[in-house]
Amino acid sequence: MAPRVLQAGTISFGLVNIPIKLYTAATSQNVAFHLIHAKCGSRIKQQQICPVCNMVLTRDDLVRGYELAKKQYVQFTEAELEALEHDASQNIDIVEFVPLPEVDPVYFEKSYFLGPDKGGEKPYRLLAAAMAKANRVAIAKFVMRGKENLVLIRPAQDGLMLHLMYFADEIRNFNEIDKGSATLKENELSLATRLIDELSADEFKPELYHDEYRERVLETVNQKAAGQEISTAEVAHRPAEVVDLMEALKASLAKGPGREKKPAVKARRAEATPPPSRKVNTLRK
């Protein structure tokens, strides 16, 4: 299915305006389950209940609340929150250009494809080619659904991609994490480097990797829907053995270059074959 246009916009590049269209670049394929009543197979409904008033609430009874302290909230109506949002804007205003390696991937939140809109083909291609030649990516600001976002635009596959980014104060301080204080020996580092070299590839091939868990779940879904009995083998969980680091590195290197990487696996169907409705109800979380 062709990507759906999320919205139109304009990249402001100096005095140049480039009409663009924004598309979703990736979609999660995680398997989703619903909670159902085991007795009758019906999907359950959830209600909004006030524990103080002991009553079921409707949408009209609710407002938003910002928690100042435990059980203390400042209330906002939807209209008050909408008044605080940015005015609707289609502009993606480029602030500066930087080398991509200078941007830590921890700042990336979500990815989108950018395509040219009517009249924007040539400036779109020009910006993509110029950024690729200069080895630079663009840092810009973009209002989306009323919220101002920090974004990165980069050349990719003869086009442009846009990445929503976290702001600096949204990234936690890595220095708060204990990284250990073990002393490394030179021969340990040398062996580890050799192992990395042996396991290295010149390029990343995402088609070599696939979600084995999702495939097992969907296969089981079809088996259950077809009325087959499913048996589950108990998996014994053994505690991890404490091994000598140098011996483990030497043993890994001893396998040599003859080790084989997993071959590319043909993409399986992304979803289960639609089963008869009377048997789907046997599924439960």
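The values are calculated or read from the model by the stated rules, or taken from the named source; none is laboratory data. Because the structure is predicted, anything quoted here is derived from the model rather than measured. So basically every Cβ, Gly included, is an ideal-geometry build from the backbone, and we count neighbours across all protein chains shown. The area values use the complete protein model at the heavy-atom level, side chains included, leaving out ligands, DNA and RNA. Shrake-Rupley method; radii C 1.70, N 1.55, O 1.52, S 1.80 Å.
Quick look at the values:
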item	result
Residue that is farthest from residue 114 (Cα to Cα) [pool: residues in region 157-172 that are surrounded by 16 or more Cβ atoms within 10 Å (Cβ to Cβ) and of a type in the set (A, V, I, L, M)]	165
Residues being under 17 Å from residue 50 (Cβ atoms) and open to solvent by less than 100 Å² (accessible area, probe 1.4 Å) - total across region 62-78	4
All positions within region 173-202 that are open to solvent by 100 Å² or more (accessible area, probe 1.4 Å), within 27 Å of residue 108 (Cβ to Cβ) and of a type in the set (Val, Ile, Thr)	196
Unique residue being open to solvent by 60 Å² or more (accessible area, probe 1.4 Å) and at pLDDT below 85 when the list is 205, 224	224
Subset of region 126-154 that is modelled with pLDDT of 95 or more and basic (Lys, Arg) - its residue that is farthest from residue 83 (Cα to Cα)	133
Looking only at region 1-31, and only at residues there that are in contact with a Phe, Trp or Tyr (Cβ under 8 Å, 6 or more places away or on another chain) and open to solvent by 70 Å² or more (accessible area, probe 1.4 Å), the one that is modelled with the highest pLDDT	4
Yes/no for residue 41 being touching a helix residue (DSSP H, G or I) at 6+ places or on another chain (Cβ under 9 Å) and either part of a helix (DSSP H, G or I) or at positive phi (or both)	yes
